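Here the structure is laid out as structure tokens; the discussion comes afterwards.
The values are calculated or read from the model by the stated rules, or taken from the named source; none is laboratory data. Note that this is a predicted model, so its numbers are computed, not measured. When we count neighbours, we look across all protein chains shown, and the Cβ atoms used for this are built from the backbone with ideal geometry, even at glycine.
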Amino acid sequence: MWLASKSNFGQVSFVKLPSLFFAALVLGLSAEPEIVPKPQLLVAAEGALSLQGVVTYACPPSFDESFRCGLQRLLTNGPVSLAKTAENPLIEVRERADLPSEEGYSLEVTPRGIQIAAKSPRGVYYATQSLMQLMPASLMARAIAPPGEKGSEPISIPVLKIEDSPRFPWRGLMLDSSRHFQTVAEVKRFIDLMSIYKLNVFHWHLTDGHGWRFESRKYPELTNKGAWRMQPGYPVPGKTERYGGFYTQEQMKEVVRFAAARGVTVVPEIEMPGHCFAFVAAYPELGCPGKPQETDRFFTYPADAQRFPKVEGTDVLCLGKDRTVQVCKEILDEVMEIFPSPFIHVGGDEVNKSHWKNCKVCQERIKARKLDGEDGLQSWFMQELDHHLVSRGRRLIGWDEILEGGLAENATVMSWQGEKGGIHAAKTGHDAVMSPSNRIYLDHGQSENPLEPAHWPGTNSLAQVYAYDPVPAALTPEEARHILGLQGNLWTVFTHEEWLLDLQTWPRAAAIAEVGWSAKEGRDWDHFLGRLRAHRPRLDALGINYWWEESREFGRWTPAALKPGQEVVDMDFDITASASGLRPGKQSITFTYTKGAHGLSLQSATLLENGREISSDKHDGFAGSKHTGNTYTLDFPTLRPDAKYVLRIRGLGDGGTDSYGLIGQSAVETKRLR
Ligand SMILES: [Zn+2]
């Protein structure tokens, strides 16, 4: 019998009696299931189910692949194998047509067995992912293991009941494979990790000026020429060498299959009519103007990350020529043969329309079609593609610039320049996916910490990403139905290797997953951070090089501590309690101004143990509305439980005493930073 329950499905709740905490400790389980994203309804009860040896199961044949795939890590790393049976199975998977969502599921663990019900294979996969999160983190270690390395400890799963379904149907991440190229294995790992957190759209940015990655059999020059560029500085420092790669049609089909088994739809993107430098390099006659050119070169990584060497040429297709439009449609036909996704992304962003202004044939098209200038030409082209895709049963999606000159009839907007594109789309009856760059882009930094590797300018911290809600306040409930969900975009300008992809993506992708999946009313930053903190052993076991920064407050300065007339003062902060648990070694102490007319000029920071100086950093710094040198490095010893630790700050009010701020320490615990 359940200890408590809420019958109102869809309401967020977690119900647990205190006794479970002790039971869980005895069993070596965590006290509270830390499922990410948070299920709609979770009811915990006393007891546990133990799994070991041959686990019998029953499952409809159409769900079997998702079920087995979802438990792959358990089968690889745990002392468990599966055997199908019709008689008294330990795990019973059944189809339940009355669930509110295609992706919804219910999961019930009792001391006697596990019941899973879902409407579709996706729901079954999600049930297994929640189930895996109830098992020891070490099981997440490998999806494929060498033989004979399975664990021998029985797996203990807490008794509970979950009813779950997503808030939004589109919970996506975008990976840019053009700026830097990832291997098929890297792409599959990216998708696999997404699926663990119930993210369900992998938007694959396959083409851009810096490399064309989609193998077209009809237009082979796209990859013969367009997939390669001369790259200064990487992978060999100091040399400029040929860099690139592409995905064969067979490889892309394999990625689609791999993703589908994990509930992930691959939405391919072919950028048109801008961002086409590589396209035009392959077929110069389709550019505007149509002259021979190289594929775009890229920055010198990592020495000179922000310098983009200029290459002669154009990144814009010539839409005055019928041939261009024909080739684009034929490429999309090839794309549709490989990708069953209902949505095909056609880009449409950042078109340099001056090329069309100066092109005779483009101007002739504008005149002949009575189009409204260059915006009208872009809109006309998107309508052509829209009709082409719709006639083949697909839907067009593009970046918010496809609104310029008028949105094509059936188009869906991916809103990246803030929310206005998505709001406009929803208000005019079009669907939209929200991916505002200033809120949830993954190529932006996530910290102010100087240890963070180079990234696109701007910061979207984990907390900021978690705080984002995809439904703008400007929409009525009726209009809000057009918001399909949200997506984090990882442009790989600064992300040339997999450890950096990891670092930019995680743990922010988990926040995106929870915003997309869990009920808005139940979202709570502190609770999420707590679950995520408990979740770290899983991220570690998965081998993810995620960004993690633990910060603590050591004190605050206020005008009361400062003296007028620029007099230097020593401020002592007892940090014995707040430093507790701090790892020995060099730690950064940062001064962050919070308010006031003036700032704090700093001269030194010193650590005292029982009144004795043990580490000091003397340099001039300033913390005000602008700050310089405001981080001090102190060498912390292994802290003695019987000692008193004091942080002594020497400084003065700069121009006056009206200044307030925080003194904090942050430790970056990411495994690899350089
Ligand atoms: Zn032209």
Within the range 506-522, how many residues are without any contact (Cβ under 8 Å) to a residue 60 or more places away in the chain and in a loop (DSSP other than H, G, I, E, B)? 1
Given the criteria crowded, with 17+ Cβ neighbours inside 10 Å, in contact with a helix residue (DSSP H, G or I) (Cβ under 9 Å, 6 or more places away or on another chain) and closer than 22 Å to A510 by Cβ, does S66 qualify? yes
Near pairs, Cβ below 7 angstrom, 6+ apart or cross-chain, from the range 279-291 (without any contact (Cβ under 8 Å) to a residue 12 or more places away in the chain) to any residue that is more than 13 Å from the ligand (Cβ to nearest atom): P284/P292; P284/Q293
State whether the residues of the range 417-432 include one that is of a type in the set (G, A, S) and more than 16 Å from D400 (Cα to Cα). no
Surrounded by fewer than 18 Cβ atoms within 10 Å (Cβ to Cβ) and aliphatic (A, V, I, L, M), is that true of I614? yes
Are there any pairs with C-beta distances below 7 angstrom linking a residue in the range 480-505 that is closer than 20 Å to G211 by Cβ to a residue that is polar (S, T, N, Q) and in a loop (DSSP other than H, G, I, E, B), with the two at least 6 apart or on different chains, and if so which? N489/S435; L501/T495; Q504/T495
Count, please, the residues in the range 333-352 that happen to be surrounded by 16 or more Cβ atoms within 10 Å (Cβ to Cβ) and either within 16 Å of the ligand (Cβ to nearest atom) or hydrophobic (A, V, I, L, M, F, W, C) (or both). 8
Which residue out of F22, F63, F9 is outside any strand (DSSP E or B), modelled with pLDDT of 95 or more and not basic (K, R)? F63
Go through the residues of the range 249-265 one by one and say whether even a single one is touching a residue at least 24 places away in the same chain (Cβ under 8 Å) and within 16 Å of the ligand (Cβ to nearest atom). no
Is at least one residue of the range 36-54 touching a His at 6+ places or on another chain (Cβ under 7 Å) and closer than 22 Å to P136 by Cα? yes
The correct count of residues that are basic (K, R), touching a helix residue (DSSP H, G or I) at 6+ places or on another chain (Cβ under 8 Å) and in a loop (DSSP other than H, G, I, E, B) in the range 148-200 is 3
Output the number of the condition that T495 fails; it satisfies all remaining conditions of (1) in a helix (DSSP H, G or I); (2) over 18 Å from W170 (Cα atoms). (1)
Return a yes/no flag: does the range 341-353 have any residue that is in contact with a Ser or Thr (Cβ under 7 Å, 6 or more places away or on another chain) and modelled with pLDDT under 95. no
Condition set touching a residue at least 40 places away in the same chain (Cβ under 8 Å) and assigned to a helix (DSSP H, G or I), scope the range 450-479, selection farthest from S195 (Cα to Cα): answer is E479
Within the range 353-364, restricting to residues that are more than 22 Å from D386 (Cβ to Cβ) and within 35 Å of the chain's Cα centre (by Cα), the one that is farthest from the ligand (Cβ to nearest atom) is S354
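Okay, residues lined up against (1) at pLDDT 95 or above; (2) within 16 Å of the ligand (Cβ to nearest atom); (3) of a type in the set (S, T, Y); (4) not in a helix (DSSP H, G or I):
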| position | (1), (2), (3), (4) |
| --- | --- |
| P289 | no, yes, no, yes |
| E294 | no, no, no, yes |
| F298 | no, no, no, yes |
| V311 | no, no, no, yes |
| D315 | no, yes, no, yes |
| G320 | yes, yes, no, yes |
| T324 | yes, yes, yes, no |
Answer yes or no as to whether E364 is closer than 20 Å to L403 by Cβ, surrounded by fewer than 17 Cβ atoms within 10 Å (Cβ to Cβ), among the acidic types (D, E) and touching a residue at least 12 places away in the same chain (Cβ under 8 Å). no
If the Cβ limit is 6 Å and pairs must be 6+ apart or interchain, which residue in the range 104-122 that is assigned by TED's automatic domain parsing to the domain that holds I157 pairs with which residue that is aromatic (F, W, Y)? Y105/Y126; A118/Y105; P121/F63
Which strands (runs of 3 or more DSSP E) sit wholly inside the range 91-130 and have at least 3 residues that are buried (at least 21 other Cβ atoms within 10 Å of the Cβ)? 105-110, 113-118
